[in-house]
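First comes the structure, then the notes that go with it.
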Amino acid sequence: MPIKYVGRTTSFKGKTLWEIVGNLKNFGVGRIVVRSTFERYPEPSYLKICKVQALANEDPRKVRILAEKVFRGRKYPKIVEVCSTSYKADYRLLPKDEEQAYCKTDSQVVLEKVRILPRTIPFPPLLREMILADRRAKGGDVTKEPEMEMIFGETRDSLSRKAREDEEPNVMFEPGIGTPRSPELYANIQRS
Amino acid sequence: MWKIITGVAFPFVHRRIIGSSRLKLFSLEKRLFLSDAYKCQEAWERRLQVPVLQNIKLDDLFQELDSKFQNVGKASAIDIDLFANAVRDESYTNELEELLHKLRLSPNATDILPSTSHAVIRYFFSLGKYDQLLHILNDRLNFGIFPDDYCCGLLMDTLIKENNYTGAAKVGVLQMFQEDWSHLITSHLALYSCHMYLKNPGPWEDPAHTEEPDDGEEIKVRVKYLRNPYFDDHFDLRDPKLLVGKTLATLGATIPDAIGWTYQLVGWGMYQKWDKAIKTLEKIIKGQQKPAIFREGVEMFADTLKELSQEGNNSSELKEKFSHLLKELESLGLVSDNDLHEAVTNKVKSVVNSKENEAIEQQCKVYAEWETLKQRLLQEQLQELTKQQRLAKVQMEKEELLKREEVLFFFDNEEKWELAIEKKKVFYRKRYFGKRKKPRATDDKYIPPEVTASRS
């Protein structure tokens, strides 16, 4: 009786982390594991396994791994935990002789937040007028430009952060469209 | 009657004489690689002198562990280690397998001690059940038993002595999966086993059990995500030629002399990685080491080239390239006519003899280390248990005190109790005793009017 599996399709190519790590002595500590979907980028991305902790059996079986992560040529400063994505059948083990050539540790950079975002940006024009009108009515200072305080969510993987008190931001938010990444979409617009 | 007695006694005596002489011959000629001292039998037996192991009753322990797995879902790895070390006779093989499997499926799979694998391998080894042992070793996802360097050497040596070259090659292949040829005894014995396997190839896998008759019905199994077909060229390999080829190729790369080069070439040929074979040939030619390769090896490689012709595509170019490179090898005089078998045997013997004593000492030290580790872990487990018990006791006492307090201070808190009783009251809606409305009668012949837009 042929068995037909019914379930959701994925575009993954590879094995689950447990299938790789469970086949190795000492659970593959020190080996390098690569995710197939991250191979679409030109820079190398991989995980170097540091510690493994098994979890209860389920289908597909997950495993908690602490690893040194390198994503697109940037190395994460802290050890990263891979647990909830370990069920994905997307991983492959890198043979020891290919490690050197694949990882390219010479061109690796530490992951740091290089884009510094401004602390305040100018208000949208209508809101700015309303604020100034409000100030005028209350007898406040109308000469100073109202500035909108920014709040950015900082995640572990992001490359941007909010500027500190004394820092100069290197990313400017201009009013208007600015320089779009796809100018052809804005070709017919009459911009002032 | 006298005749009958002698008739019965004679064959018995005869058998005994023959048996003992065979034993003598056995011990004389088969000192091949590792001596009996390598088995470290006394050191291994000494582990049974530990009081914990002496007081164990195996059946009880098995029952306890089984119930723990069923009730809690996990049992500690040290207990399974105790069981694995304490088993002696044949009746516990299935129980041991079951426990190992259950441990592997539990979250305690990472806690498995190295001494457990060692004990399991030695247990099956002492019983002589090599097939079952190989089955366990090959099913790493379900059992998690990995032979360490010492056990690899022991297994391969014994299997070679029994002329079970297929089994010995299988152990070599296991080591290839771990990509670890750093231990010299293991790597050289693996070389010898693969070499002898090539000379006497035998059936690799057990004959597949008969499948159930096809009813024509499909069994549909629900899974969360469908797996896309993926062949990783490593753990998924099943063909013995490819396996032994990969083993020889990776192994040969670690041996820096003619034998190494020979087997590297033969390995890549068997594994059908033609570009790597070309690179190896080019390196040999560039190296200009005399002698660089054995003629037998070149012939074996030429045999494997027959597979290439079946592949099609650019096989003719590759074939030409190979014949060109092989001719170059010949012309440069890099091919030696020495006996490959003799060379391999001598090399393996010399390396194994030189490293044997070191390995024995190392292993005895390791046994002592394992003892201390186990003691420490047992102590920790005991402390954990006593702590849990104390906490449970404290909890019970707290509950007792709470109950007594309620009773003693009842009249002081009477109003609070009454409020609490009020809160607990369940409010039920009143039953409706009035008229019930009839459902709207639908008219089957009703056609809704057409509404057109009108400007009015």
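Output yes when any residue across the stretch B:409-424 is touching a Leu at 6+ places or on another chain (Cβ under 7 Å) and farther than 30 Å from residue B:108 by Cα, and no when none is. Within the stretch B:409-424, not a single residue is touching a Leu at 6+ places or on another chain (Cβ under 7 Å) and farther than 30 Å from residue B:108 by Cα. Under the condition of being more than 12 Å from chain A (Cβ to nearest Cβ), acidic (Asp, Glu) and buried (at least 18 other Cβ atoms within 10 Å of the Cβ), the residues counted in the stretch B:98-115 number 0. A count restricted to the stretch A:1-30 and to residues that are closer than 20 Å to residue B:179 by Cα and within 7 Å of chain B (Cβ to nearest Cβ) stands at 8. If the condition is being outside any loop (DSSP other than H, G, I, E, B) and of a type in the set (Gly, Ala, Ser), then the stretch A:147-185 contributes only A:160.
Please find, among B:268, B:204, the residue that is at pLDDT below 90, crowded, with 16+ Cβ neighbours inside 10 Å and not charged (D, E, K, R). Step through it out loud before you land on a result.
Working: B:268 fails: at pLDDT below 90.
On inspection, the qualifying residue turns out to be B:204.
Picking from B:205, B:162, which residue would you name as being without any contact (Cβ under 8 Å) to a residue 12 or more places away in the chain and more than 14 Å from every other protein chain (Cβ to nearest Cβ)? Write out each step before concluding.
Values: B:205 fails: without any contact (Cβ under 8 Å) to a residue 12 or more places away in the chain.
One residue alone meets the criteria, B:162.
Only one of the listed residues (B:296, B:361, B:307, B:356) is in a helix (DSSP H, G or I), under 33 Å from the mean Cα position of the chain (by Cα) and buried (at least 16 other Cβ atoms within 10 Å of the Cβ). That residue is B:356. Taking the stretch A:135-171 as the range and being among the charged types (D, E, K, R), exposed (fewer than 12 other Cβ atoms within 10 Å of the Cβ) and more than 29 Å from the chain's Cα centre (by Cα) as the test, the residues that pass are A:136, A:138, A:141, A:144, A:145. Hey, any hits in the stretch A:33-48 for a residue that's within 30 Å of residue B:217 (Cα to Cα) and either assigned to a helix (DSSP H, G or I) or among the small types (Gly, Ala, Ser) (or both)? Checked against the condition, which is being within 30 Å of residue B:217 (Cα to Cα) and either assigned to a helix (DSSP H, G or I) or among the small types (Gly, Ala, Ser) (or both), the stretch A:33-48 yields no hits at all.
Within the stretch B:229-256, the residues that satisfy the criterion of being without any contact (Cβ under 8 Å) to a residue 12 or more places away in the chain and more than 14 Å from chain A (Cβ to nearest Cβ) are B:239, B:256.
What number of residues within the stretch A:1-32 satisfy the criterion of being in a strand (DSSP E or B) and surrounded by 12 or more Cβ atoms within 10 Å (Cβ to Cβ)? Summing the residues that are in a strand (DSSP E or B) and surrounded by 12 or more Cβ atoms within 10 Å (Cβ to Cβ) in the stretch A:1-32 gives 4.
The stretch A:67-146 holds strands (runs of 3 or more DSSP E) entirely within its bounds, and those carrying 3 or more residues that are farther than 27 Å from residue A:20 by Cα map to A:115-117, A:120-122. Condition test on residue A:84, is it surrounded by fewer than 16 Cβ atoms within 10 Å (Cβ to Cβ), over 21 Å from residue B:177 (Cβ atoms) and over 19 Å from the mean Cα position of the chain (by Cα)? No: the conditions fail for residue A:84.
Look at residue B:215 and say whether it is more than 14 Å from chain A (Cβ to nearest Cβ) and at pLDDT below 90. The answer is no for residue B:215.
Just so you know, in the stretch A:51-67 the residues that are surrounded by 19 or more Cβ atoms within 10 Å (Cβ to Cβ), more than 7 Å from chain B (Cβ to nearest Cβ) and of a type in the set (A, V, I, L, M, F, W, C) include one that is nearest to residue B:75 (Cα to Cα), and it is A:63.
The values are calculated or read from the model by the stated rules, or taken from the named source; none is laboratory data. The structure displayed is predicted, hence computed values, not measured ones. Backbone-built Cβ (ideal geometry, glycine too); neighbour counts: all protein chains shown.
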